[in-house]
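Asker: First, the structure itself, so that you have it in front of you.
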Amino acid sequence: AMALGLSRTMVLRLDARGCVLDANAAASRFFTAKDESIRARSADNFFGPESGELLSITGNGRAVSHVAETTDHQGRLRYIEWRLKNIRRDSAVDSFILAVGRDITAFVLNEKKLLEERFNLVERNKELACLYDIARIPISEMPLAGLIQCIVELLPPAFQYPDLTSARIEVDGRAYAT
C-alpha cells in the first residue's frame with residue numbers, strides 16, 4: 001500500500017459494474033478537484049465509451065489493456081494506458097476489478113507529431129522525385145511538344161491526391177494535359 005501511495009501510477013479498485021470502490025492518491029489527484037470524491041464514479045469516466053466491453057472481457061477472467069482519451073480534473077485532454085484484471089476471491093462479494101493506469105499523453109502527442117512529420121516528408125519526397133524525373137528527361141532527343149507532355153504527365157504523382165489531380169500546361173495557344 002505504501003508503494004502505491006508514493007507511485008505516480010493510478011490504481012482503481014472497481015466493482016463488477018465498474019463503479020469505483022477505492023483509488024490511490026495518484027488517481028484521486030488526477031481525476032478529482034480538491035474536495036471531490038472519486039468513489040462511486042462510473043468506469044465511463046476513466047475508460048471512455050468502451051468501458052462496458054472492457055468490463056465484460058475482464059469478467060471472463062481475461063486481463064485487458066486499453067488506451068483511453070479522457071480529461072483530468074482541470075479539463076485537459078489526456079491519454080491513459082489502462083490494464084484491467086478481474087481479481088476473484090472466494091466469494092463474489094470480495095471480487096473486484098483492478099485497474100492500473102499511467103499517463104501516456106506526452107508519448108501519444110509525440111507520436112502524432114512524428115506521424116505528421118512523416119506525412120510531410122513523404123509529400124516533399126514526391127515533389128523532389130517529380131523534379132528529379134523532370135531533370136532526367138532527355139531534352140536534346142525530344143521535340144518541344146513531347147517534352148512538355150512528359151512534364152505534364154510527371155506532375156500529378158507529386159501532389160497529395162494524385163488520383164484526383166490533373167495537370168495542364170499551355171504554350172503558344174496549345175494545351176498539354178493529363
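The values are calculated or read from the model by the stated rules, or taken from the named source; none is laboratory data. These numbers were taken from a predicted model, which means no experiment stands behind them. For neighbour counting, all protein chains shown are included, and Cβ atoms are generated from backbone atoms with ideal geometry for every residue, glycine included. Each accessible area value is taken on the protein alone, full model and side chains, heavy atoms only, with ligands, DNA and RNA left out. Shrake-Rupley method; radii C 1.70, N 1.55, O 1.52, S 1.80 Å.
Asker: Quick one: in region 8-32, which of the residues that are part of a loop (DSSP other than H, G, I, E, B) and open to solvent by less than 40 Å² (accessible area, probe 1.4 Å) is nearest to Ser95 (Cα to Cα)? Break it down stepwise before answering.
Answerer: Here is the first cut: in region 8-32, the residues part of a loop (DSSP other than H, G, I, E, B) are 8-9, 15-19, 24, 32.
Still in the running and open to solvent by less than 40 Å² (accessible area, probe 1.4 Å): 15, 18-19, 24, 32.
Working: Asp15: 8, Gly18: 12, Cys19: 13, Asn24: 18, Thr32: 25 Å.
The selected residue is Asp15.
Asker: Filter region 77-101 down to the residues that are under 16 Å from Gly48 (Cβ atoms) and open to solvent by 80 Å² or more (accessible area, probe 1.4 Å) and list them by number. First the steps, then the outcome.
Answerer: From region 77-101, those under 16 Å from Gly48 (Cβ atoms) are 77-84, 97, 99, 101; that's our starting set.
Residues satisfying the conditions are Leu77, Arg83.
Asker: Within region 47-87, which residues are part of a loop (DSSP other than H, G, I, E, B) and under 16 Å from Arg17 (Cβ atoms)? Don't jump to the end; show me each part of the working.
Answerer: Initial filter on region 47-87 (part of a loop (DSSP other than H, G, I, E, B)): 60-63, 72-76.
Of everything in region 47-87, just one residue is part of a loop (DSSP other than H, G, I, E, B) and under 16 Å from Arg17 (Cβ atoms), namely Asn60.
Asker: Applying the selection to region 120-178, what residues are in a helix (DSSP H, G or I), of a type in the set (A, V, I, L, M, F, W, C), in contact with a strand residue (DSSP E or B) (Cβ under 8 Å, 6 or more places away or on another chain) and surrounded by 13 or more Cβ atoms within 10 Å (Cβ to Cβ)?
Answerer: Ile148, Ile151, Val152
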